[in-house]
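Engineer: Sharing a structure with you now.
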Amino acid sequence: MNRDAQKFFTLRFATGTKEQKLVPRLWRPAKFLQSAERNKPLSGLRIALDPGHLGGSWAKMEERWFQVGESKPVQEGDLTLCVARLLATRLRDLGAKVSFVRSADEPTTGKRPDDFRELARKILIKNGVPQPRAEVLDSTDPEKEKTIRWQSEILFYRYSEIRRRAALVNLKLHPDLVLCLHFNAEGWGDPNSPMLTDANHLHLLVNGSYLADELEFDDERFEMIRRLLSRTYGEELSLADTIATAMARESGLPPYAYPTTNSTTKVGTSGYVYARNLLATRLYRCPVVYCEPYVMNSKDVFARIQAGDYEGTRNINGVERKSIFREYADSVTDGLIEYYSKARGSGD
Ligand SMILES: [Zn+2]
């Protein structure tokens, strides 16, 4: 509990199931849900949708923005919200109770970057920048990460925002499952003149693969143990594998291979799922499946994003395709139908 005071918490294992004290949890594993009618396989299931990032006027700040010439700018936070809205309709039709962790292109946290200037300065000094500069020069400034501006913004849009979302999930929404919705990207360089690539891939993340440095933090150790004891892992890994298989089938994407194995570990059986210790996968106190399909700056995906949302199929780079948003929402839905139909049994 405290290294300096040498104060320890000892976790003891119960001698039998009668002595067992379970970690309190508000989510329900699939096998504890009542069996469902065949056409409502998600009935009663509480699903929280967490569209990644903020989008809108925040997209540039969170570095989830690029623009090719005069085309419509690509903003990850807007794409994920579009997918979440389509997905919500599909899941509700199947009987799920759907809530949104973010439902507009605005932060859920009440804080703003300026609230973190003093903290940002202290962090920079602690990390060996004795006199941090206040402002970033421009988007290509190589020293931008050493400025109070950049640090206070990241404290706002990443740490404060995700902790606020976690409070919402854990204290108010109490879902059985959180789906974190993202789009992936390869390095695009200058956002005003981005590199487009042929690479396109899919992967999903579950919590795990903690680094030694991360386990130095009391709160990270605590959350890891709490997750292990509440047995979220088995549920979220099976869910992730099933959803990944449906997404791979419907998108035709190959699995992503991380360039290093420092912070990730391949898990499960689908070939598409990795364990990684992200803030959201760690802090939400229920199974969390974190989706990372589609490279936004791949030539194919860029063209599909520019085409926007539409019904039916259209010819994109010579192939008849659904709108990318519907393909995303439909494939996640199909994965959930498959998982819950099997796990909870059919009532009729
Ligand atoms: Zn993202």
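The values are calculated or read from the model by the stated rules, or taken from the named source; none is laboratory data. Just so you know, these numbers come straight off a predicted model, no measurement behind them. Cβ coordinates were reconstructed from backbone atoms using ideal geometry, including for glycine residues, and neighbour counts include every protein chain displayed. To get the accessible areas, we keep the full protein, side chains included, count just its heavy atoms, and leave off ligands, DNA and RNA. Shrake-Rupley method; radii C 1.70, N 1.55, O 1.52, S 1.80 Å.
Engineer: Which of the helices (runs of 4 or more DSSP H) found entirely inside region 152-249 contain at least 3 residues meeting this: farther than 30 Å from residue 117 by Cα?
Structural biologist: 218-230
Engineer: Here's a follow-up. For region 38-66, which residues satisfy the criterion of being within 16 Å of the ligand (Cβ to nearest atom) and not in a loop (DSSP other than H, G, I, E, B)?
Structural biologist: Result: 49, 50, 51, 56, 58, 65, 66.
Engineer: With the requirement that a residue be within 13 Å of the ligand (Cβ to nearest atom) and more than 14 Å from residue 203 (Cα to Cα), what does region 159-186 give you?
Structural biologist: Scanning region 159-186 gives 161, 162.
Engineer: Something else now. Name the residues in region 67-80 that are open to solvent by less than 10 Å² (accessible area, probe 1.4 Å) and either in contact with a Gly (Cβ under 9 Å, 6 or more places away or on another chain) or assigned to a helix (DSSP H, G or I) (or both), would you? Write out each step before concluding.
Structural biologist: Of region 67-80, the ones open to solvent by less than 10 Å² (accessible area, probe 1.4 Å) are 74, 76-77, 80.
Within region 67-80, 76, 77, 80 meet the criteria.
Engineer: Just the residues that are touching a Lys or Arg at 6+ places or on another chain (Cβ under 9 Å) and closer than 18 Å to residue 110 by Cβ, please, taken from region 141-156.
Structural biologist: 152, 155, 156, listed by residue number.
Engineer: Of everything in region 1-21, what is exposed (fewer than 10 other Cβ atoms within 10 Å of the Cβ), in a loop (DSSP other than H, G, I, E, B) and either hydroxyl-bearing (Ser, Thr, Tyr) or in contact (Cβ under 8 Å) with a residue 12 or more places away in the chain (or both)? Give them in sequence order. First the steps, then the outcome.
Structural biologist: At the first step, the residues of region 1-21 found to be exposed (fewer than 10 other Cβ atoms within 10 Å of the Cβ) are 2-13, 15-21.
This time we only want the ones that are in a loop (DSSP other than H, G, I, E, B), so: 3-6, 8-13, 15-21.
Result: 10, 11, 15, 17.
Engineer: May I ask you to list the residues in region 175-197 that are open to solvent by 30 Å² or more (accessible area, probe 1.4 Å), out of contact with any Ser or Thr (no Cβ under 9 Å at 6 or more places or on another chain) and not small (Gly, Ala, Ser)?
Structural biologist: The one that is open to solvent by 30 Å² or more (accessible area, probe 1.4 Å), out of contact with any Ser or Thr (no Cβ under 9 Å at 6 or more places or on another chain) and not small (Gly, Ala, Ser): 195.
Engineer: So, one more: I need a count of the residues in region 303-328 that are more than 16 Å from the ligand (Cβ to nearest atom) and either acidic (Asp, Glu) or assigned to a helix (DSSP H, G or I) (or both).
Structural biologist: 9
Engineer: Within region 1-53, which residues are touching a strand residue (DSSP E or B) at 6+ places or on another chain (Cβ under 9 Å), over 15 Å from residue 91 (Cα atoms) and of a type in the set (D, E, K, R)?
Structural biologist: 28
Matching residues to (1) farther than 24 Å from residue 248 by Cα; (2) of a type in the set (A, V, I, L, M, F, W, C); (3) in contact (Cβ under 8 Å) with a residue 24 or more places away in the chain:
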{"site": "195", "(1), (2), (3)": "yes, yes, yes"}
{"site": "198", "(1), (2), (3)": "no, no, yes"}
{"site": "201", "(1), (2), (3)": "no, no, yes"}
{"site": "204", "(1), (2), (3)": "no, yes, yes"}
{"site": "208", "(1), (2), (3)": "no, no, yes"}
{"site": "219", "(1), (2), (3)": "yes, no, no"}
{"site": "224", "(1), (2), (3)": "yes, yes, yes"}
{"site": "229", "(1), (2), (3)": "yes, yes, yes"}
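Engineer: Residue by residue through region 81-93, note down the ones that are buried (at least 18 other Cβ atoms within 10 Å of the Cβ) and farther than 16 Å from residue 183 by Cα.
Structural biologist: Listed by number, the residues that qualify are 88, 90, 91.
Engineer: Still on this model: Name every residue in region 106-119 that is in a helix (DSSP H, G or I) and basic (Lys, Arg), in order of residue number.
Structural biologist: Listed by number, the list holds a single entry, 117.
Engineer: If residue 263 satisfies all but one of (1) open to solvent by less than 20 Å² (accessible area, probe 1.4 Å); (2) at pLDDT below 95, what's the number of the condition it fails?
Structural biologist: The number of the failed condition is (1).
Engineer: For region 327-348, what are the residues that are among the basic types (Lys, Arg), open to solvent by 60 Å² or more (accessible area, probe 1.4 Å) and touching a helix residue (DSSP H, G or I) at 6+ places or on another chain (Cβ under 6 Å)?
Structural biologist: none
Engineer: Moving on. Quick one: in region 81-105, of everything that is over 19 Å from residue 172 (Cα atoms) and not in a helix (DSSP H, G or I), which residue is nearest to the ligand (Cβ to nearest atom)?
Structural biologist: Going through the qualifying residues, I end up with 105.
Engineer: Filter region 260-301 for residues that are outside any loop (DSSP other than H, G, I, E, B) and either more than 20 Å from residue 247 (Cα to Cα) or more than 16 Å from the ligand (Cβ to nearest atom) (or both) and give the result. Please lay out each step first, then the result.
Structural biologist: First pass over region 260-301, keeping only residues outside any loop (DSSP other than H, G, I, E, B): 264-266, 273-276, 279-283, 288-293, 295, 298-301.
Matches in region 260-301: 264, 265, 266, 273, 275, 279, 280, 282, 283, 299, 300.
Engineer: I would also like to ask the following. Return the residue satisfying two criteria in turn: it lies in region 67-77 and is of a type outside the set (D, E, K, R) and without any contact (Cβ under 8 Å) to a residue 40 or more places away in the chain, and of such residues it is nearest to the ligand (Cβ to nearest atom).
Structural biologist: 77
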